[in-house]
Amino acid sequence: MIYNSTFIITGLDCADCAAELEHQIKSLNGVYAASLNFGASKLLVEHSLEENEIIKVIRRSGYNASAAGAPPKQVTTLKLCGLDCADCAAKLEKRISSLNGVEKAQINFGTAIMIVHHAGPVGEIIQAVKDSGYTAQLLDKRVTDTNHNFNKKTFLTILSGIFLGLGFSLNILNMPNYLVISAYLMAILTGGFYTARSGLNALKSFSLDINFLMTVAVIGAVAIGEWSEGATVVFLFSLGNALQAYTMEKTRGSIRALMELSPREALVRRNGKELLLPVNEIVLGDIMIVKPGEKIALDGRVITGFSNVNQAPITGESVPVEKRPGMEVYAGTINEQGSLEIEVTKLEGDTTLAKIINLVEEAQAQRAPSQQFIDIFARYYTPFVIIAALAIAVIFPAVLGQPFVPWFKKALILLVISCPCALVISTPVSIVAAIGSAARRGVLIKGGACLEETGTLKAVAFDKTGTLTGGKPEITDILPVAPISEEKLLELAASVETRSQHPMAEAILRFAGYKNIKPGQITDFQSYTGLGASAKLAGETYYIGNRHLFNSLGEIPQQVESLLLKLQKQGKTAILIGSGSKILGIIAAADRVRTGSKEALRALKQAGIKHIVLLTGDNKETARAVAGELEVENFRAELLPQDKLTTIKSLQDSYGKVAMVGDGINDAPALATASVGIAMGGTGTDTAMETADIVLMADDLNKLSFAINLSRRALKIIKQNIAFAILLKLAFITATFLGFASLWMAVFADTGAALLVILNGMRLIRVKE
């Protein structure tokens, strides 16, 4: 029977590749016609084959495909247990992706979580994971077999060690050979059970992982009568796996610790009754009652009570923050003193803590540039060594007439060395540790690429308002320059600014409220980006803004220019108020430098940042005054948002890698353009979390030097790990050909190297501020 099928192709972004794929499909036996619409990513095929056969060919070409009209896709998140080898994780990912009905599978090795896009039943995926030697459970269920599996493997490893020791002892005592071999055989069977099972499954799926290679090596050792070496190999490999699993769980604990911050239940008042409810049953508007010493379960707003709340788990702040009615609190923080009644404003999956966890998990899954190098290296290195091992086992004995056993042993040693476990794990374990360490201190680093970029920074540009300064200017001067009272001038300014969002507008309205001056009703409000605003009041149009706005309206009198210059030299921001081209007066405000800003900039210089630049929309005199107070030599003033973007590009041309630090909203273009975008005010600010590469959760600039030092140390450790793993492999390959290496030494070097790489990366967890 001839069918006409339509396939949806994903991952196809090259027109030439599309033509090549179309040619491949046309060349299949049973395909009569094929047409690929590159723009729509649709493939039309006239064929007599099973649709899955065509999909397999498409996937072998490196793309994902699904038949149009197929069952609806779903996304399932699974928690994996027993996954302690990065190379094995990559092979498992490939195997699951090749299953029928699976469109894509992605494993986050750092958190041992797999996300699968599929149409078939999830049970088949879980069974495929089990067949590969691991276990998987839905993430929303409690994973109960992690310790159980770990304990079983540990028990078998101990048994293997006992039997290995028994075999050595029997051999030394010259006991009958069958007893010695029996002890070694038991050591191999107990310690190698999980390895052999995983190796067999790897063979079935045509992915030659370390388990398969190790199984072949042990069988080969037994075949040539090297029972003691085979048993030693099994025990060392099993022990190495157990230690790797333990250390990786320690590393992954950084995320688990975040997940455990928020309590699973909360005391809630409903309809006059106090109920202890699971957090997933709490709804928006519920009133939580939080007693002293308890953790806050969900984000909310304090409606009753006064207390100090320890926000260190979220923001890294060492000092508890005072909370009173109207103030926001966050899930996972600790109420230290008084009792609080809190109105729930965010549900379980939407809290700041939940967003942090999601961001950190996504960040740990991202591949760093160094990891891309490793992937390419491992792609060619492993097949090369396997082919070399086979060649050694065949060519030297069969062609050159050399003794079989010595060269066969060399081939087995090369098989063991061919596993790139230590190399593949060298980068992700460091990234997992560094990102987890930073998150616990209130710094969100969104991926390995961000981490590496931060470690190479040479310059940092700071937005002034809200970053280096408090961001809330206070009115300092009201100076009429026409026959008008200060009160009337303030009333006019407040009236126009009622519809403005500028920080200066907030300061004027705040000051007017303090003076009990009520703004008038305005019409025809108009905002001029980077200049000011205008509106009609009692039929007359009034303008409020900077000198550029009033220069466009007419000439500014010399008297006014002198006053502006005087105020600017004092570091104040001055705006003009006028009717048409007639200037009525000046209102000035000062934005105070944040406490600790100067110390934070000094710490950056100590961290190796050679160039610090201050960016502001304020005038040059105000910028110069703030820069002088902060001991910053380089500043750029009178910048509109688009000018900041241009300035960042200019700084990159001059200095190379440049970071931009801003508030994550009006600085978004500059943050996106910079090598690393760093946002202040992450707590509860979705825009900051989405825009920036790094988020400082507590508005604490001192965390910036910590992030840079951590990134540089992570970069150093990643390079150490890569160099160590590659040099060790090369050393053992050389030793193998020279006849110095044995099979058990190769296993010890391979598993030992992976363990050392993990431990080296774990040092990043303990980096201090």
Could you grab me the full set of residues in segment 583-597 that are modelled with pLDDT of 90 or more and either open to solvent by 10 Å² or more (accessible area, probe 1.4 Å) or of a type in the set (Lys, Arg) (or both)? ILE583, LEU584
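Scanning segment 552-564 for residues that are out of contact with any Ser or Thr (no Cβ under 6 Å at 6 or more places or on another chain) and not in a helix (DSSP H, G or I), which turns out surrounded by the most Cβ atoms within 10 Å (Cβ to Cβ)? Even if it seems obvious, please write down each step before you answer.
Within segment 552-564, the first condition is being out of contact with any Ser or Thr (no Cβ under 6 Å at 6 or more places or on another chain), and the residues that meet it are 552, 555-564.
Filter once more, so that each one left must be not in a helix (DSSP H, G or I): 555-557.
On the way: GLU555: 10, ILE556: 16, PRO557: 12.
Per the stated criteria, the residue is ILE556.
VAL302 - would you say it is at pLDDT 85 or above and either of a type in the set (Asp, Glu) or within 30 Å of PHE109 (Cα to Cα) (or both)? Step through it out loud before you land on a result.
Working: at pLDDT 85 or above: yes; either of a type in the set (Asp, Glu) or within 30 Å of PHE109 (Cα to Cα) (or both): no.
Taking the combined requirement at face value, the residue does not satisfy it.
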Can you pull out every residue in segment 272-298 that is β-branched (Val, Ile, Thr) and either within 23 Å of ASN310 (Cα to Cα) or open to solvent by less than 20 Å² (accessible area, probe 1.4 Å) (or both)? VAL279, ILE282, ILE287, ILE289, VAL290, ILE296
Is there any pair with a first residue in segment 592-606 that is at positive phi and in contact (Cβ under 8 Å) with a residue 24 or more places away in the chain and a second that is assigned to a helix (DSSP H, G or I) and not aliphatic (A, V, I, L, M) whose Cβ atoms are under 9 Å apart and which are 6 or more apart or on different chains, and what are they? GLY596/ASN702
Under 8 Å between Cβ atoms, at least 6 apart or on separate chains: pull out the pairs that start in segment 659-686 with a residue that is at positive phi and end on any residue that is modelled with pLDDT of 85 or more and among the charged types (D, E, K, R). GLY684/ASP299; GLY684/GLU328
Residues in segment 254-263 that are of a type in the set (Gly, Ala, Ser) and either at pLDDT 75 or above or open to solvent by less than 20 Å² (accessible area, probe 1.4 Å) (or both) total 2
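Any idea which residue in segment 737-760 is farthest from the chain's Cα centre (by Cα), counting only those that are aliphatic (A, V, I, L, M) and surrounded by fewer than 20 Cβ atoms within 10 Å (Cβ to Cβ)?
At the first step, the residues of segment 737-760 found to be aliphatic (A, V, I, L, M) are 738, 741, 743, 745-747, 749, 753-759.
Right, trim to surrounded by fewer than 20 Cβ atoms within 10 Å (Cβ to Cβ) and you get 738, 756, 759.
Values: LEU738: 44, LEU756: 24, LEU759: 21 Å.
So the residue we want is LEU738.
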Of the conditions (1) under 30 Å from TYR655 (Cβ atoms); (2) open to solvent by less than 40 Å² (accessible area, probe 1.4 Å); (3) assigned to a helix (DSSP H, G or I); (4) not small (Gly, Ala, Ser), VAL416 fails just one. Which one is it? (1)
Name every residue in segment 659-699 that is outside any loop (DSSP other than H, G, I, E, B), within 21 Å of LYS346 (Cβ to Cβ), aliphatic (A, V, I, L, M) and at pLDDT below 80, in order of residue number. ALA688, MET689
Examine segment 632-646 for a residue that is under 27 Å from the mean Cα position of the chain (by Cα), crowded, with 17+ Cβ neighbours inside 10 Å and either in contact (Cβ under 8 Å) with a residue 12 or more places away in the chain or farther than 15 Å from GLY571 by Cβ (or both), and state whether such a residue exists. yes
Can you tell which of ASP643, ASP699, ASP663, ASP693 is in contact with an Asp or Glu (Cβ under 8 Å, 6 or more places away or on another chain) and closer than 30 Å to LEU509 by Cα? ASP663
Can you name the residue in segment 381-400 that is open to solvent by 80 Å² or more (accessible area, probe 1.4 Å) and closer than 23 Å to LEU727 by Cα and is also modelled with the lowest pLDDT among such residues? PHE384
Residue check, ALA505 against (1) of a type in the set (A, V, I, L, M); (2) without any contact (Cβ under 8 Å) to a residue 40 or more places away in the chain; (3) surrounded by fewer than 19 Cβ atoms within 10 Å (Cβ to Cβ), all met but one. Which one? (3)
List every residue pair whose Cβ atoms sit under 7 Å apart, with the two residues 6 or more apart in sequence or on different chains, where the first one lies in segment 117-136 and is under 10 Å from VAL102 (Cα atoms) and the second, anywhere, is assigned to a helix (DSSP H, G or I). HIS118/ILE125; ILE125/ILE96
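Considering only residues of segment 152-179 that are of a type in the set (A, V, I, L, M, F, W, C) and more than 16 Å from VAL234 (Cα to Cα), which is surrounded by the most Cβ atoms within 10 Å (Cβ to Cβ)? Before the answer, list the steps.
We begin by selecting, within segment 152-179, every residue of a type in the set (A, V, I, L, M, F, W, C); these are 155-156, 158-159, 162-164, 166, 168, 170, 172-173, 175, 179.
Subset that is more than 16 Å from VAL234 (Cα to Cα): 170, 172-173, 175, 179.
Numbers: LEU170: 18, ILE172: 9, LEU173: 9, MET175: 14, LEU179: 14.
My answer is LEU170.
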In segment 259-311, which residue that is touching a Pro at 6+ places or on another chain (Cβ under 8 Å) and in contact (Cβ under 8 Å) with a residue 60 or more places away in the chain is farthest from LEU347 (Cα to Cα)? GLN311
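If we keep just the residues of segment 79-92 that are of a type in the set (D, E, K, R) and within 13 Å of GLY133 (Cα to Cα), which is least open to solvent (accessible area, probe 1.4 Å)? First the steps, then the outcome.
Step one: of segment 79-92, the residues of a type in the set (D, E, K, R) are 79, 84, 87, 91.
Of the ones still in play, those that are also within 13 Å of GLY133 (Cα to Cα) are 84, 91.
Values: ASP84: 22, LYS91: 45 Å².
Among those residues, the one meeting the criterion is ASP84.
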For segment 299-310, which residues satisfy the criterion of being among the aliphatic types (A, V, I, L, M) and open to solvent by 40 Å² or more (accessible area, probe 1.4 Å)? ILE303
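Of all residues in segment 710-736, which are of a type in the set (S, T, N, Q) and either open to solvent by 80 Å² or more (accessible area, probe 1.4 Å) or free of Cβ contacts under 8 Å to residues at least 60 places away in the same chain (or both)? Outline the logic, then answer.
Start the filter on segment 710-736 by keeping residues that are of a type in the set (S, T, N, Q), which leaves 711, 720-721, 734, 736.
GLN720, THR734, listed by residue number.
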Of the residues in segment 529-551, how many are within 23 Å of PRO641 (Cβ to Cβ), assigned to a strand (DSSP E or B) and open to solvent by 40 Å² or more (accessible area, probe 1.4 Å)? 1
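If we scan segment 230-239, do we find a residue that is over 26 Å from ALA86 (Cα atoms) and either at pLDDT below 85 or of a type outside the set (Ser, Thr, Tyr) (or both)?
Going through segment 230-239, the residues over 26 Å from ALA86 (Cα atoms) turn out to be none.
Checked segment 230-239: no residue is over 26 Å from ALA86 (Cα atoms) and either at pLDDT below 85 or of a type outside the set (Ser, Thr, Tyr) (or both).
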Segment 598-608, subset more than 14 Å from LYS458 (Cα to Cα) and basic (Lys, Arg), residue most open to solvent (accessible area, probe 1.4 Å): ARG602
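For segment 565-574, which residues satisfy the criterion of being part of a strand (DSSP E or B) and open to solvent by less than 20 Å² (accessible area, probe 1.4 Å)? Don't jump to the end; show me each part of the working.
We begin by selecting, within segment 565-574, every residue part of a strand (DSSP E or B); these are 573-574.
Once the filter is applied, which keeps residues that are part of a strand (DSSP E or B) and open to solvent by less than 20 Å² (accessible area, probe 1.4 Å), segment 565-574 yields only ALA574.
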Inside segment 311-349, can you point out the residues that are of a type outside the set (Val, Ile, Thr), in a strand (DSSP E or B) and either surrounded by fewer than 23 Cβ atoms within 10 Å (Cβ to Cβ) or in contact with a Cys (Cβ under 6 Å, 6 or more places away or on another chain) (or both)? GLU322, GLU328, GLU341, GLU343
Filter result (within 14 Å of ILE717 (Cα to Cα) and open to solvent by 10 Å² or more (accessible area, probe 1.4 Å)) within segment 429-454: GLU452
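The values are calculated or read from the model by the stated rules, or taken from the named source; none is laboratory data. Since the model is a prediction, treat every value here as computed from it, not as a measurement. As a convention, Cβ positions derive from the backbone with ideal geometry for all residues, glycine included, and neighbour counts pool all protein chains shown. These area figures cover heavy atoms from the full protein model, side chains too; ligands, DNA and RNA do not enter into them. Shrake-Rupley method; radii C 1.70, N 1.55, O 1.52, S 1.80 Å.
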